[in-house]
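A quick write-up on the structure given underneath.
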Amino acid sequence: MSEQRKIRKAVFPVAGLGTRFLPATKAVPKEMLTVVDKPVIQYVVDEAAEAGIEHFVFVTGRGKGVIEDYFDIQYELEQMLRERNKNAELTLLSHILPKAGTASFTRQQVPLGLGHAVWCARDIVGNEPFAVLLPDMIMSSEKSCLAGMVDLYGQTGGNVLAVEECDPDQAHKYGIVGKGAPVGDGFKITEMVEKPAKGTAPSNFFINGRYILQPEIFKILETQERGAGNEIQLTDGMLALAKSQEFAAYHFKGETYDCGAKDGFILANLAFALQRPDIRPAIEGPLKKLVSGLL
Ligand code: UTP
């Protein structure tokens, strides 16, 4: 197989309304809610950086300006930290800052759906394959999910989606893929169905919020009708693209937390806090007590 074009750019659609997390999201974007001590968006950007992404494209919307500020220099704060010799904190802040010119922000003026948000990034992405990471899905695994997808993409080219297995009874809640011949750490996708009617799903492998897509998707999204929820759906665009291009699935084996939902967000906080040697000893005991009180 010829060498694939490198995945250099990643799109982070952060323009959604976050209605599942009201009232918190009335004034704070859900991507800025903190898991332990970092905003959710930081986990996803770190995952992309680990996978070799060089340019970070944020599709923002009204009230999301704080995300742009978060990835910028905070002069007064840094000056104050310097004066107080808070060097560890300064180093922490310097790690967050993207290299000049490697972060772009564009606006989706009206939240018309995920497909539309991705389309808003078309000029910045240009004519090359790119990644999309849903910033409310954060993952815990040894090798980052996107890094695994990039490896698989090196073997398959085309489009790659990350998938996980769900309880077959729950398949009607997700975008489900059909399982074809194995390839690398995954398989070829034979079909895609968004929220299949109960008992009709072709498998229990659901799309978990990470995509590698070819730029031809933009042409499709440009003229796409609204679909489910009266929104321009990315899945509908991928279904149209699948008529002319190959799709492969990367079988992700780690844990995924949906931080756009209250239960997923709470679980993420617990799971990531338990991974931290500076926090675990303080919460392990009380947590066990809390849980045993429930049993
Ligand atoms: P979600 O449906 O999970 O996000 O979209 P939402 O609409 O913000 O959340 P709820 O359902 O109202 O609670 C998945 C991702 O797509 C982005 C969201 O920000 C989220 O990261 N999105 C969705 C956009 O950027 N624009 C849209 O028009 C819709």
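Every residue, every condition in (1) in contact with an Asp or Glu (Cβ under 6 Å, 6 or more places away or on another chain); (2) under 21 Å from residue 132 (Cα atoms); (3) modelled with pLDDT under 90, yes or no:
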| site | (1), (2), (3) |
| --- | --- |
| 180 | no, no, no |
| 194 | no, yes, yes |
| 200 | no, no, no |
| 230 | no, no, yes |
| 257 | no, yes, no |
| 276 | no, no, no |
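Considering the conditions (1) modelled with pLDDT of 95 or more; (2) outside any helix (DSSP H, G or I); (3) among the small types (Gly, Ala, Ser), residue 100 is excluded by exactly one of them, (1). One residue stands out in the range 79-123 among those that are more than 16 Å from the ligand (Cβ to nearest atom) and hydroxyl-bearing (Ser, Thr, Tyr): the one that is farthest from the chain's Cα centre (by Cα), namely 91. Taking the criterion of being touching a residue at least 12 places away in the same chain (Cβ under 8 Å), more than 9 Å from the ligand (Cβ to nearest atom) and not in a loop (DSSP other than H, G, I, E, B), the residues of the range 1-33 that qualify are 9, 10, 11, 32. Could we say that residue 109 is in contact (Cβ under 8 Å) with a residue 60 or more places away in the chain, outside any helix (DSSP H, G or I) and either touching a Cys at 6+ places or on another chain (Cβ under 6 Å) or surrounded by fewer than 20 Cβ atoms within 10 Å (Cβ to Cβ) (or both) here? The answer is no for residue 109. So which residues in the range 35-78 are among the hydroxyl-bearing types (Ser, Thr, Tyr) and surrounded by 14 or more Cβ atoms within 10 Å (Cβ to Cβ), if there are any at all? Correct list: 43, 60, 70.
Criterion first (surrounded by 20 or more Cβ atoms within 10 Å (Cβ to Cβ), within 18 Å of residue 179 (Cα to Cα) and under 17 Å from the mean Cα position of the chain (by Cα)) does residue 257 satisfy it? No; evaluated as a whole, the condition is false for this residue. With respect to residue 93, determine if the residue is at pLDDT below 95 and part of a helix (DSSP H, G or I). Here the answer is yes, as residue 93 does meet what is asked.
The values are calculated or read from the model by the stated rules, or taken from the named source; none is laboratory data. Since this is a predicted model, take the numbers as computed values, not measurements. Reconstructed Cβ throughout: ideal geometry from the backbone, glycine too, with neighbour counts over all protein chains shown.
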